[in-house]
Ligand code: SF4
């Protein structure tokens, strides 16, 4: 094992939540991994794909394939973007056997951050400590496409000072859904409010997720409702000490 | 970005009582299902789903064969299979038959297929009275609305709503106790059963090898509907076929549990033709109407075909966070929720309600619970691509298309992307302030949409790539 990981810092993290990327790098370095960050990277193309613009999504995917051609381990701070690459890139190249082969090779090299820690780096405790009551929000694509459920909770359970309290509807969608959040703003907002009601009931002061997009939605709704609950990406919690 | 979705969507969201009714109604069904498949109650649940999916796939892939088989087997029992293309043909057949037999009154038990065909309205145009006998269906028939939910047609109504409808339509004193309301409906409907000339049921399954129609229910109305009148007509979509009676051991285990959390519904009727010599009850004539109404269009594409696997359990509706907000009447057709969003555009063409496949956060809760494993999110994504292709042909949504072309171009040019991000951030509010309303320079639909519901965090001072470069 080379112990070198390439970060794919998703566009949302890069532009809006850079601290998530910084934290992810910090955690990986702490456990002995060297980090590559190729600044030619941009986005996975999911916004176009989910909006029905396949040709546009395909061209972004091609760029991604180029950028990460030689990366052995690609670590991503997002279940949704990971799933776009590992579950949907293949649909974009279904009729292109050569490209499809490239995608198949890529799929095996892309790791959602929490899964990378547990299954590749094989660590559970990363020496983090953060005193808080936390509740974990299962992001939909991580849960249902990547089947990530217990991993992040296991990692959280090793954070010193952190008490994890499950909310009733941990698995229910936060309502983000990309352009859905603005095209169907009222519906999306209603879903967020249902979710934060459940968050509130736990008495947690921090909501944790492995997707910054969900957290942006929840954070925005919590702030609007003037509730004193913070949102944190798993990487940020694990980087704390 | 205008989604052009119906007004109903907003009014439903704004109606606090309705929101509660939908949330509670679907919540109950969610709990019941969960308990019914929990742990060791149904240890082979996942295998059953896979099995059901494969059975449906096999049947739909070989539909012509099984249609022929069922036609022969129904005939062998003395019944008749009638193939109809659409609602007009179904209505014409029934009207003709009613005329020949001098029939005036029809009793019906719950059937989504006849709702799909607007059968009641079509019959009433010709002075045939068609009365729904399932309590929920009876209520919404009186109210003059379409079913709110595939399984629970009056899911959105409280007992007070029902009391109002009964008072208004039946001219009785206001009664708010559900048990008493049931008794009131029963008294009215018993008379109808006794006087009816024709009984119309739907079919949950049509079994090819035995030529039988299987109906599951809890109130016993389908049983009465199919046996009290002299004529029984079962109306089913062609996708309701299953190959063998033994396959029911898979489907019946899944249907009740997925729909209402029942291991088995109170009644499961196997209806196979008219009364035979020596039998004491049953109709004198039996017709099975098998309807296309657009289904063969879905057969053409091997991937989309799975939309026809649906056994109408309603689980995807209950678990859909969007359905739970916007309710059944926001959808353009009688089929609501995720499965409605998937089949409506395929039946009616993607140009008709182009917003529908987009009314989803793609959370995948539907696919997770679907007993026949229909990949609903994938179908929604495919339909989204169809919609944008259709709009391109029509020369619509040029701005949006252009925006995504720009997006893709920028994402292939990392320097432009990096610069663009910083320019956008520079335009954001200064001093770490949250946004709760759109400033003039950001007064565009997506920002307004976001801010109508949520605040926007202050932009990051530096992007990750900047921080990384400088470290
Ligand atoms: S799509 Fe699946 S979950 Fe939805 S009603 Fe049909 S069978 Fe049930």
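The values are calculated or read from the model by the stated rules, or taken from the named source; none is laboratory data. Everything numeric here is computed off the predicted structure, so don't read it as measured data. Positions of Cβ are generated from backbone atoms using ideal geometry, with glycine treated the same way; all protein chains shown enter the neighbour counts.
Applying the criterion of being within 12 Å of chain A (Cβ to nearest Cβ) and surrounded by fewer than 23 Cβ atoms within 10 Å (Cβ to Cβ) to the residues of the stretch B:331-356, the residue that is farthest from residue A:173 (Cα to Cα) is B:350. The set of residues from the stretch A:161-177 being surrounded by fewer than 17 Cβ atoms within 10 Å (Cβ to Cβ) and either on the phi > 0 side of the Ramachandran plot or in contact (Cβ under 8 Å) with a residue 60 or more places away in the chain (or both) comprises just one member, A:161.
Tallying residues that are more than 14 Å from the ligand (Cβ to nearest atom) and touching a helix residue (DSSP H, G or I) at 6+ places or on another chain (Cβ under 7 Å) within the stretch B:242-274 yields 11. If you go through the stretch B:409-441 and keep only what is more than 8 Å from chain A (Cβ to nearest Cβ), touching a helix residue (DSSP H, G or I) at 6+ places or on another chain (Cβ under 7 Å) and part of a helix (DSSP H, G or I), you end up with B:416, B:420, B:427, B:441.
The single condition among (1) more than 7 Å from chain A (Cβ to nearest Cβ); (2) within 24 Å of residue A:88 (Cβ to Cβ); (3) in contact (Cβ under 8 Å) with a residue 24 or more places away in the chain that residue B:406 does not meet is (3).
Is it true that residue A:204 is in the same structural domain as residue A:149 (by TED's automatic domain parsing), outside any helix (DSSP H, G or I), in contact (Cβ under 8 Å) with a residue 60 or more places away in the chain and farther than 29 Å from residue B:444 by Cα? Spell out how you get there, then give the answer.
Numbers: in the same structural domain as residue A:149 (by TED's automatic domain parsing): yes; outside any helix (DSSP H, G or I): yes; in contact (Cβ under 8 Å) with a residue 60 or more places away in the chain: yes; farther than 29 Å from residue B:444 by Cα: yes.
Yes: the conditions hold for residue A:204.
Looking at this structure, is residue B:21 in the same structural domain as residue B:343 (by TED's automatic domain parsing), in a helix (DSSP H, G or I) and buried (at least 16 other Cβ atoms within 10 Å of the Cβ)? Answer is yes for this residue.
Listed here are the helices (runs of 4 or more DSSP H) enclosed by the stretch B:134-222 that have at least 1 residues being in contact (Cβ under 8 Å) with a residue 40 or more places away in the chain: B:135-143, B:178-195.
When you look at residue B:461, is it out of contact with any strand residue (DSSP E or B) (no Cβ under 6 Å at 6 or more places or on another chain), at pLDDT below 90 and more than 30 Å from residue B:349 (Cα to Cα), yes or no?
Values: out of contact with any strand residue (DSSP E or B) (no Cβ under 6 Å at 6 or more places or on another chain): yes; at pLDDT below 90: yes; more than 30 Å from residue B:349 (Cα to Cα): yes.
So residue B:461 passes the test.
Counting just the residues of the stretch A:12-22 that are in a helix (DSSP H, G or I) and crowded, with 24+ Cβ neighbours inside 10 Å, which one comes out farthest from the other protein chains (Cβ to nearest Cβ)? If you could, list the steps in order and put the result at the bottom.
From the stretch A:12-22, those in a helix (DSSP H, G or I) are A:12-15, A:18-22; that's our starting set.
Subsequent filtering for residues that are crowded, with 24+ Cβ neighbours inside 10 Å retains A:13-14, A:20-21.
Working: A:13: 6, A:14: 4, A:20: 8, A:21: 4 Å.
If we take residues in the stretch A:12-22 being in a helix (DSSP H, G or I) and crowded, with 24+ Cβ neighbours inside 10 Å, then A:20 is farthest from the other protein chains (Cβ to nearest Cβ).
Name the single residue, out of those in the stretch B:249-265 being part of a loop (DSSP other than H, G, I, E, B) and out of contact with any strand residue (DSSP E or B) (no Cβ under 7 Å at 6 or more places or on another chain), that is surrounded by the most Cβ atoms within 10 Å (Cβ to Cβ). If you could, list the steps in order and put the result at the bottom.
Taking the stretch B:249-265 and keeping what is part of a loop (DSSP other than H, G, I, E, B), we get B:261-265.
Of the ones still in play, those that are also out of contact with any strand residue (DSSP E or B) (no Cβ under 7 Å at 6 or more places or on another chain) are B:261-264.
Values: B:261: 19, B:262: 16, B:263: 12, B:264: 12.
Among residues in the stretch B:249-265 that are part of a loop (DSSP other than H, G, I, E, B) and out of contact with any strand residue (DSSP E or B) (no Cβ under 7 Å at 6 or more places or on another chain), the one surrounded by the most Cβ atoms within 10 Å (Cβ to Cβ) is B:261.
Pairs linking a residue in the stretch B:304-322 that is without any contact (Cβ under 8 Å) to a residue 12 or more places away in the chain to a residue that is outside any helix (DSSP H, G or I) and more than 6 Å from the ligand (Cβ to nearest atom), with Cβ atoms under 7 Å and 6 or more positions apart or on different chains, do not occur. The test for being in contact with a helix residue (DSSP H, G or I) (Cβ under 8 Å, 6 or more places away or on another chain), surrounded by fewer than 19 Cβ atoms within 10 Å (Cβ to Cβ), within 14 Å of another protein chain (Cβ to nearest Cβ) and touching a residue at least 60 places away in the same chain (Cβ under 8 Å) does not hold for residue B:292. Counting the residues of the stretch B:50-62 that are in contact (Cβ under 8 Å) with a residue 40 or more places away in the chain and out of contact with any strand residue (DSSP E or B) (no Cβ under 7 Å at 6 or more places or on another chain) gives 9.
If the condition is being touching a residue at least 24 places away in the same chain (Cβ under 8 Å) and under 24 Å from residue A:5 (Cα atoms), then the stretch A:91-110 contributes A:99, A:102, A:103, A:106, A:109, A:110.
For the stretch A:32-48, indicate whether the set of residues that are at the interface with another protein chain (Cβ under 9 Å from one of its Cβ atoms), closer than 27 Å to residue B:389 by Cβ and in a helix (DSSP H, G or I) is non-empty. Yes, because at least one residue in the stretch A:32-48 is at the interface with another protein chain (Cβ under 9 Å from one of its Cβ atoms), closer than 27 Å to residue B:389 by Cβ and in a helix (DSSP H, G or I). Looking at residue B:396, is it outside any helix (DSSP H, G or I) and either within 30 Å of residue B:354 (Cβ to Cβ) or more than 7 Å from every other protein chain (Cβ to nearest Cβ) (or both)? Answer is yes for this residue. Residue B:413 meets the conditions (1) more than 16 Å from the ligand (Cβ to nearest atom); (2) closer than 29 Å to residue B:252 by Cβ in every case but one. The failed one is (2). Going by the structure shown, is residue A:163 in the same structural domain as residue A:195 (by TED's automatic domain parsing) and either more than 17 Å from the chain's Cα centre (by Cα) or farther than 24 Å from residue A:46 by Cα (or both)? Yes; evaluated as a whole, the condition is true for this residue. Filtering the stretch B:439-456 to residues that are in contact (Cβ under 8 Å) with a residue 12 or more places away in the chain and more than 38 Å from the chain's Cα centre (by Cα) leaves B:441, B:442.
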